[in-house]
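Participant: Quick one: the structure is below, questions incoming.
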Amino acid sequence: MTVNPDKPIKFSSLHRLQWEEAQQKYIILYPEGMVELNQSSAEILKLCDGSRNLAQIVSELELKFATSGLTNDISAFLEVALKNGWIQQN
Amino acid sequence: MAGSNKISNTPPRWLLAELTYACPLQCPYCANPVDYAKYQTELSTEDWKRVLTQARKMGAVQLGFSGGEPLTRKDLPELVKHARDLGYYSNLITSGYGLTEEKIIQLKEAGLDHIQVSIQASTQELNDHIAGTTSFQHKKEVAHLVKKHGYPMVLCVVIHRENIHQMAQILEMAEELGADYLELANTQYYGWAHANRDLLLPTKEQFEQAEQIAQAYKEKVAGKMKIYYVVPDFYEDRPKACMNGWGTTFLTIAPDGVALPCHSARELPGLDCPNIKDYSIEEIWNESKAFNLFRGLEWMKEPCRSCDEKEKDFGGCRCQAYLLTGDMYNADPVCSKSPDHAVIQQAIDSAAKNALAADEKPLIFRNSKNSRLLS
């Protein structure tokens, strides 16, 4: 199972992404468990709304943080996210 | 209140709301206290709402609605809605008994995130025997409905000597029912399970065989169904890191409002567990004697005190130390470094002997009559 670069990426309907005031960070919630996210992981997942593919997510974040060369890092994280079931592709 | 306010306390993350001890099932390994029948009072809706609000403010985010059977509380949808408004991730931990499609939809609309359904075995005959109630077909229907309405589903099967031989069929059943997660919970021997241990504890060979089957299946269903395997600590040589450390993460509120550092802690002597009717969650978590008693490492005796693994397992489980050695400050006797470790082998031998005896004693089912007899 790997991320298909052409297809849009959607956050899993079986998980919830949420900002936690007490922890001052984003977390992923799922049955009886949670994962704390660092800022860059959260920024990536927030863009996984079913309307963007990998290249679109990369360009949006490169624009937002006025940088370039993020493809490898973002793609590696999305592979982990897919393996954990946090994101889906139809 | 007694104890000192330690500013280094981590806040609770996990709130287990045991809404009631009432349950239509009679599972002989129930985690409720054996003397549950003497606790008749239940918190009001307003009490529960206050608890949820206060714990959430401290940082609790995972919420389990449990029991008994939480569906027996008429205000469950109202509490689920309150929890959703506060931003909790709500888990309903149910036997499925009494769960209709209408209720599943109502709870979804109220904001319930996940439903965990327990099944006792892979066959109707054994399921209904263990549950003490005709429930197998209904549970399977409930599992289908939970998936139909878009919930993530955990199927929970408690494993013991009566059903461990069905491991392969249990795995197939879970896959067929579309479970997203299968929790294979080897019985932990507290409460009713402690009273029935001679009849429930499998042999090491049975454990190993079942575990092999489960591990192989894990690979087969990778990416489709996650399998959580709760290890049987009687066959380990180090104890579990119980509750992720006392008073660090977990907060249980019992049906009558007593706050517990773990759902079995009611069995421990002299803990003076505070009630949410008398104190706020913050006072209970930070200042009560009960929540500070085994916090950190200072309370430890030898061999834990000088052990280089003490920060890994925190000396194991306080309830198990008390039940098996009579002293809740002792090392969990599961640990091979414990001077009391022999009690584990004695328990294993006793169960094996009982399994072979011609006059095997009967299971004590969890019901109010037996609860009064045992208390």
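The values are calculated or read from the model by the stated rules, or taken from the named source; none is laboratory data. Not measured: the values here are computed from a predicted model. Neighbour counts are summed over all protein chains in view; Cβ atoms, including those assigned to glycine, are modelled from backbone coordinates with ideal geometry. We work out accessible area using only protein heavy atoms, side chains counted, and drop any ligands, DNA or RNA first. Shrake-Rupley method; radii C 1.70, N 1.55, O 1.52, S 1.80 Å.
Participant: Which of (1) over 15 Å from A:Pro5 (Cα atoms); (2) aliphatic (A, V, I, L, M); (3) crowded, with 18+ Cβ neighbours inside 10 Å is the odd one out, the single condition A:Leu82 does not satisfy?
Facilitator: (1)
Participant: Cβ-Cβ distance below 7 Å, separation of 6 or more or different chains: which pairs start in region B:180-199 with a residue that is at negative phi and end on one that is among the aromatic types (Phe, Trp, Tyr) and buried (at least 21 other Cβ atoms within 10 Å of the Cβ)?
Facilitator: Taking only residues 6 or more apart or on different chains, the pairs are B:Thr187/B:Tyr29; B:Trp192/B:Tyr29; B:Ala193/B:Tyr29; B:Asn196/B:Tyr29; B:Arg197/B:Tyr189.
Participant: In addition: With the checklist (1) open to solvent by 20 Å² or more (accessible area, probe 1.4 Å); (2) at pLDDT 95 or above in hand, flag the one item B:Pro269 doesn't pass.
Facilitator: Going through the list (1) open to solvent by 20 Å² or more (accessible area, probe 1.4 Å); (2) at pLDDT 95 or above, B:Pro269 breaks only (2).
Participant: Here's a check for you: in region B:351-366, which residue that is open to solvent by 40 Å² or more (accessible area, probe 1.4 Å) and modelled with pLDDT of 95 or more is nearest to the chain's Cα centre (by Cα)?
Facilitator: B:Phe365
Participant: Enumerate the strands (runs of 3 or more DSSP E) found wholly within region B:111-214, keeping only those where 3 or more residues are more than 14 Å from every other protein chain (Cβ to nearest Cβ).
Facilitator: Numbers: elements: B:114-118, B:153-159, B:181-186.
Where strands (runs of 3 or more DSSP E) fall fully within region B:111-214 and carry at least 3 residues being more than 14 Å from every other protein chain (Cβ to nearest Cβ), they are B:153-159.
Participant: Give region B:87-110 a look and list any residue that's aliphatic (A, V, I, L, M) and within 14 Å of chain A (Cβ to nearest Cβ), or say none.
Facilitator: First pass over region B:87-110, keeping only residues aliphatic (A, V, I, L, M): B:92-93, B:99, B:104-105, B:107, B:110.
Hits for region B:87-110 are B:Leu92, B:Ile93.
Participant: B:Val80 - would you say it is crowded, with 23+ Cβ neighbours inside 10 Å and either within 14 Å of chain A (Cβ to nearest Cβ) or in a loop (DSSP other than H, G, I, E, B) (or both)?
Facilitator: Working: crowded, with 23+ Cβ neighbours inside 10 Å: yes; either within 14 Å of chain A (Cβ to nearest Cβ) or in a loop (DSSP other than H, G, I, E, B) (or both): no.
Judged against the criteria, B:Val80 is not a match.
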